[in-house]
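Colleague: Let me begin by handing over the structure; questions about it come next.
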Amino acid sequence: MNFQLSDEQQMLRKMVAEFAKKEVEPTAAERDEEERFDREIFHKLAELGLTGIPWPEAYGGIGADYMSYVITVEELSRVCASTGVTLSAHVSLASWPIYKYGNEEQKKNFLTRLATGEALGAYALSEPGAGSDVVSMKTTAKEEADHFVLNGNKVWITNGGVADIYIVFAKTDADKQHKGISAFIVEKGTKGFTFGKKEKKLGIRSSPTTELVFENCRVPKENLLGSEGEGFKIAMSTLDGGRNGIAAQALGIAQGALDAAAAYAKEREQFGKPIAHNQGISFKLADMATEIEAARLLTYQAAWLESEGQPYGKASAMSKLFAGDAAMRISVEAVQIFGGYGYTKDYPVERFMRDAKITQIYEGTNEIQRLVIGRMITSGK
Ligand code: CAA
Ligand code: FAD
């Protein structure tokens with residue numbers, strides 16, 4: 001087993017870390033406070049080729065592997081988890097299903113625009129009454145002549161409103177349960193497709209989370225992704241990889257919290273010595289660092305399995321479960337190490353703590369990850 005990153009992966013990590021420090025971190029607190037999405041950061045990610053990391057050059061990507069992708073999400077999230085999820089939703093959730101299930105025309109058009117960063121992507125599965133229970137979705141798509149007519153609402157959509165290309169799931173046959181769900185590529189500006197409520201959130205506040213409204217929205221038949229009735233499989237297999245992107249986001253948040261807490265513990269003096277010299281604090285730092293390493297190994301393992309073409313769904317669910325829970329615990333401990341200062345907006349640890357919480361909720365709550373892992377174990381997968 002080789003735990004060493006390749007020269008290319010190490011160079012990429014250095015490049016992304018420098019970019020994150022220079023271009024993302026300086027405005028992270030302000031964007032969080034103002035709940036402001038900054039498209040300029042996405043443009044700069046595109047200039048570096050990061051919006052299309054794992055896709056072939058023929059479709060506008062840079063042909064790197066999934067490990068390079070998770071390292072990128074990790075390094076961005078180390079300073080700003082909102083930027084991390086913007087990229088994760090764009091690559092894992094919007095671009096991946098087109099790469100995997102799209103026909104040549106769809107790849108040339110939509111995937112290329114996403115990979116080059118000309119377009120930003122989003123993934124619309126959840127509904128007001130259908131979060132964990134995806135199959136109970138109500139949005140319908142009715143076939144008519146040369147198009148499908150979509151009606152319904154999607155909620156909680158990351159990059160909603162600012163994205164240009166949406167992967168939307170709807171029922172083409174309500175009687176067939178999961179086999180009656182289909183996937184569509186819907187472009188912003190399509191008649192009958194509008195945006196509803198923008199959520200006011202606890203964390204990842206510079207990542208917009210918005211409702212999508214479909215009212216007799218006509219989507220051309222050529223925008224059907226995969227075959228009719230294949231939507232649930234497309235949705236689930238997309239999440240298999242997407243969950244590893246969220247693990248990378250959680251890992252970055254946890255590492256950012258540890259970096260800040262360790263630096264503060266060395267510098268802050270009480271009782272005539274740095275607080276780090278108390279075993280009570282150094283043991284916290286040791287536990288935080290150990291959990292981060294375990295989360296990193298799980299996250300990188302799932303990315304490696306995907307790059308190698310091996311089954312990765314269970315490993316990805318495990319990485320999201322463990323890294324999400326770890327990020328929550330670690331960011332709470334970081335606030336504790338900062339004492340009263342940690343509770344203020346003078347330091348970034350309160351933001352890390354607020355941002356960490358979402359990693360236990362989205363792309364399937366951590367209860368759902370346990371359900372997925374449990375089913376795979378008992379079915380021998
Ligand atoms: N890949 C391919 N097929 C799959 C699959 C997978 N990963 N998982 C299940 N399937 C197939 C099953 O094999 C089964 O097929 P057959 O009937 O042909 O055998 C079929 O799909 C139905 O599977 P289940 O019986 O397991 O379906 P279920 O209704 O019990 O639901 C679930 C399973 C795991 C709970 C699923 O509904 C789920 O993942 N829920 C969570 C939803 C979620 O993660 N939402 C995330 C939204 S995106 C987001 O949040 C974005 C963001 O943060 C940025
Ligand atoms: P519910 O499904 O109602 O769950 C409520 C509680 O019950 C949870 O604790 C859950 O774990 C538990 N529970 C439910 N079923 C079970 C069970 N069988 N066993 C044990 N416990 C169970 N969705 C998208 O489609 N695209 C996006 O881009 C997107 N981005 C999001 C961004 C944010 C900021 C948020 C908050 C959500 C986003 N979501 C997105 C939706 C997200 O995936 C859902 O919120 C999540 O899947 C949970 O669904 P729910 O909120 O309806 O909770």
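Colleague: How far apart, in nm, are the 7 Å Cα→Cβ label points at R268 and E293?
Modeller: Result: 2.5 nm between the two label points.
Colleague: Using the eigenvalues of the Cα gyration tensor, what equivalent ellipsoid semi-axes result for the chain when each is taken as the square root of five times the eigenvalue, whole Å, largest first?
Modeller: 36, 21, 20
Colleague: For an R0 of 35 angstrom, estimate the FRET efficiency from the Cβ-Cβ distance between D346 and E367 and round to the nearest 0.05.
Modeller: Plugging the Cβ-Cβ distance into 1/(1 + (r/R0)^6) gives 0.50.
Colleague: Separate question: Quick check: at a probe of 1.4 Å, how many percent of the accessible area of the chain sits on carbon and sulfur atoms?
Modeller: 54 percent
Colleague: So, in nm, how far is label R36 from label A174 when the simple model puts each one 7 Å beyond its Cα toward the Cβ?
Modeller: The answer from the label model is 4.5 nm.
Colleague: What's the ranking of 19-26, 317-324 by average number of surrounding C-beta atoms within 10 Å, highest first?
Modeller: Descending packing order for the listed peptides: 317-324, 19-26.
Colleague: Shape verdict for the stretch 178-324, please, from the Cα gyration tensor: rounded (a/c under 1.5), prolate (a/b greater than b/c) or oblate.
Modeller: Since a/c reaches 1.5 but b/c is at least a/b, the shape of the stretch 178-324 is classed as oblate.
Colleague: How would the stretch 246-354 be classified by its alpha-carbon gyration tensor: rounded, prolate or oblate, with rounded meaning a/c under 1.5 and the a/b versus b/c comparison settling the rest?
Modeller: prolate
Colleague: Is the shape of the stretch 123-191 best called rounded, prolate or oblate, per the rule: a/c under 1.5 gives rounded, else a/b larger than b/c gives prolate, else oblate, with a ≥ b ≥ c the square roots of the Cα gyration tensor eigenvalues?
Modeller: oblate
Colleague: For an R0 of 56 angstrom, estimate the FRET efficiency from the Cβ-Cβ distance between N103 and N278 and round to the nearest 0.05.
Modeller: Plugging the Cβ-Cβ distance into 1/(1 + (r/R0)^6) gives 0.35.
Colleague: In the structure shown, do any of K107/K188; K142/K176; K100/K154; K100/K188; K44/K314 have a Cα-Cα gap over 26 Å, and if so which?
Modeller: Beyond 26 Å: K44/K314.
Colleague: For the stretch 134-225, which GluC sites (Glu not before Pro) pass both filters: DSSP loop (anything but H, G, I, E, B) and at most 11 other C-beta atoms within 10 Å?
Modeller: Sparse-neighbourhood loop GluC sites (Glu not before Pro): none present.
Colleague: Still on this structure, I have one more. Which FRET efficiency value, to the nearest 0.05, do you get for K191 and Q10 by plugging their Cβ-Cβ distance into 1/(1 + (r/R0)^6) with R0 = 41 Å?
Modeller: The computed FRET efficiency comes out at 0.25.
Colleague: Determine the order of L93, L371 by accessible area, beginning with the largest, at a probe radius of 1.4 Å.
Modeller: The residues order as L371, L93, largest area first.
Colleague: Over the stretch 7-137, what is the mean sequence separation of C-alpha contacts under 8 Å (at least six apart), divided by residue count, expressed as relative contact order in percent?
Modeller: This gives 24 percent for the stretch 7-137.
Colleague: Starting from the amide H of I53, placed 1.01 Å from N in the peptide plane, find each other amide H under 5 Å away whose residue is 5 or more places distant or on another chain.
Modeller: Residues meeting the criterion, in which the H sits 1.01 Å from N, are I62.
Colleague: Using the Cα centre of the chain as the reference point, and only Cβ charges (+1 on K/R, -1 on D/E), how large is the resulting charge dipole? Debye, rounded to the nearest 20.
Modeller: In total the dipole reaches around 680 debye.
The values are calculated or read from the model by the stated rules, or taken from the named source; none is laboratory data. Source: prediction; values computed, not measured. Please note: Cβ atoms are built from the backbone with ideal geometry, for glycine as well, and neighbour counts cover all protein chains shown. With ligands, DNA and RNA removed, areas are computed over all heavy atoms of the protein, side chains included. Shrake-Rupley method; radii C 1.70, N 1.55, O 1.52, S 1.80 Å.
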